[in-house]
Amino acid sequence: MTTTQAAPRPAATATQTEPAVRMRGLVKRYGGRAVVDGLDLDVARGEVFALLGPNGAGKTTTIEILEGVRRRDDGEVRVLGVDAARGGRDWRARIGVVSQGEGTAQELSVREMLDHFAGYHATPRPTTELIGAVGLEEKAATRVGRLSGGQRRRLAVALGVQGRPELVFLDEPTTGMDPVARRQFWELIRGLRADGTTVLLTTHYLDEAAELADRVGVVADGRLVEVAPPDELGAELRRLATVRWAEDGAVREVRTESPGAVLRDLLAGPGDVPGLTVTRPSLEDVYLSLVGTPSTRPAAPEGDLR
Ligand SMILES: Nc1ncnc2c1ncn2[C@@H]1O[C@H](COP(=O)(O)OP(=O)(O)OP(=O)(O)O)[C@@H](O)[C@H]1O
């Protein structure tokens with residue numbers, strides 16, 4: 001008779017209980033100028049975290065330091081419990097990277113490329129599954145050198161998650177992707193999240209951050225100006241609603257914390273209130289305000305009462 005006994009669970013080690021990413025006082029300087037200027041951040045295991053920020057804010061530099069491919073000048077950085085500047089082969093095998101750069105090996109087909117790199121991983125995702133997950137079925141036999149920019153990004157994403165990493169860094173993963181490919185990518189990220197993979201990505205698409213991220217961090221001039229779940233970002237700014245309506249041929253506007261009361265007063269009058277709208281700052285308005293660019297765009301209408 002055979003008896004099956006559940007293997008004892010290994011006791012949680014320090015590295016399992018630590019956040020996936022931990023930065024304290026991270027600094028990187030070029031020519032004496034700090035392009036990463038004292039970042040403090042924890043990314044929890046299993047979290048999807050998005051770094052947002054204008055060009056040159058320091059996002060790529062930060063990610064490259066976390067990946068262990070760029071040296072920091074100051075501060076502490078632990079990734080999966082290991083100092084990112086000292087991570088060895090085993091550590092690297094636990095991390096997936098999708099960088100902004102393009103791959104080489106232009107003469108291989110998509111399938112050959114994925115099959116080739118599968119050999120570097122202990123338990124790679126099957127090539128056919130990966131090709132499907134990034135929507136490259138019709139290009140499986142096409143040489144990498146002949147792919148469009150967006151198709152190359154899809155392949156880069158497939159390569160980045162091929163080794164079933166515990167943590168994946170994606171630097172602007174959907175830049176150049178068409179809207180269908182972006183949504184396919186979002187599904188892929190949701191699948192990774194469901195499997196417990198930690199994801200740290202950078203993006204310039206606010207809708208992408210809102211769709212995918214548990215929390216977003218806004219970086220400007222090498223500093224984190226706010227970290228919050230996407231719908232709580234800029235809570236102070238979002239408290240105020242703008243009520244607008246037309247009166248005597250002009251647009252009237254009131255900014256208020258209690259738009260309901262303003263509406264009640266307006267609607268209590270004798271006639272219609274033409275052009276009545278209530279708006280709150282969109283995520284884009286909040287972002288622009290956080291990174292120091294005044295928003296010139298009107299907020300998206302919320303509860304258009306016309
Ligand atoms: N090797 C380098 N030498 C000198 N300066 C550099 C180097 N790499 C990056 N920088 C500078 O560091 C700053 C931050 O660059 P980084 O690439 O991290 O920004 P980013 O937030 O990723 O921008 P983007 O959104 O455009 O990708 C920029 O001003 C950039 O010019």
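Nothing in this text is a laboratory measurement; each read-out follows from the coordinates by a stated rule. Just so we're clear, the structure is a prediction, and the values are computed from it rather than from any experiment. Here Cβ is always computed from backbone atoms with ideal geometry, including for glycine, and neighbour counts include all displayed protein chains.
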*What is the local net charge at residue 126, summed over the other residues whose Cβ is closer than 13 Å to its Cβ (Lys, Arg +1; Asp, Glu -1)?*
+1
_With an 8 Å Cα cut-off and a minimum separation of 6 or more residues, compute the relative contact order for the range 235-290 in percent._
44 percent
_Nearest-20 debye value, the chain charge dipole, Cβ charges on Lys, Arg, Asp, Glu_ = 920 debye
*asked:* Under a Cβ-only charge scheme (Lys and Arg +1, Asp and Glu -1), can you give me the dipole magnitude of the range 168-222 about the Cα centre, in debye to the nearest 20?
replied: 160 debye
*Find how many whole Å separate the alpha carbon centroid of the range 243-293 from the alpha carbon centroid of the range 162-193.*
38 Å
*Identify, among 276, 251, 130, the residue whose Cα sits farthest towards the positive end of the charge dipole of the chain, taking +1 on the Cβ of Lys and Arg and -1 on the Cβ of Asp and Glu, with the dipole about the Cα centre.*
130
*Can you work out the PRE-style zone for residue 148? Point 7 Å along Cα to Cβ, and I want the residues of the range 160-177 with backbone N under 13 Å.*
176-177
*For the chain, calculate the relative contact order in percent as a whole number, restricting contacts to Cα pairs under 8 Å that are 6 or more residues apart.*
18 percent
*For an R0 of 30 angstrom, estimate the FRET efficiency from the Cβ-Cβ distance between residue 232 and residue 195 and round to the nearest 0.05.*
0.70
*asked:* Give me the one-decimal nm value for the distance between modelled label points at residue 89 and residue 105, 7 Å along each residue's Cα-to-Cβ direction.
replied: 1.8 nm
_Estimated Rh, the range 235-290: Kirkwood, alpha-carbon pairs, angstrom_ = 12.3 Å
*Could you work out how far apart the two model spin labels at residue 125 and residue 256 are, taking each label as a point 7 Å from the Cα in the direction of the beta carbon, and quote it in nm?*
5.0 nm
*Charge sum, other residues only, whose C-beta stays under 10 Å from residue 97's C-beta, Lys/Arg counted +1 and Asp/Glu -1*: -2
*Using a Förster distance of 41 Å, the FRET efficiency for residue 266-residue 140 (Cβ separation, nearest 0.05)*: 0.10
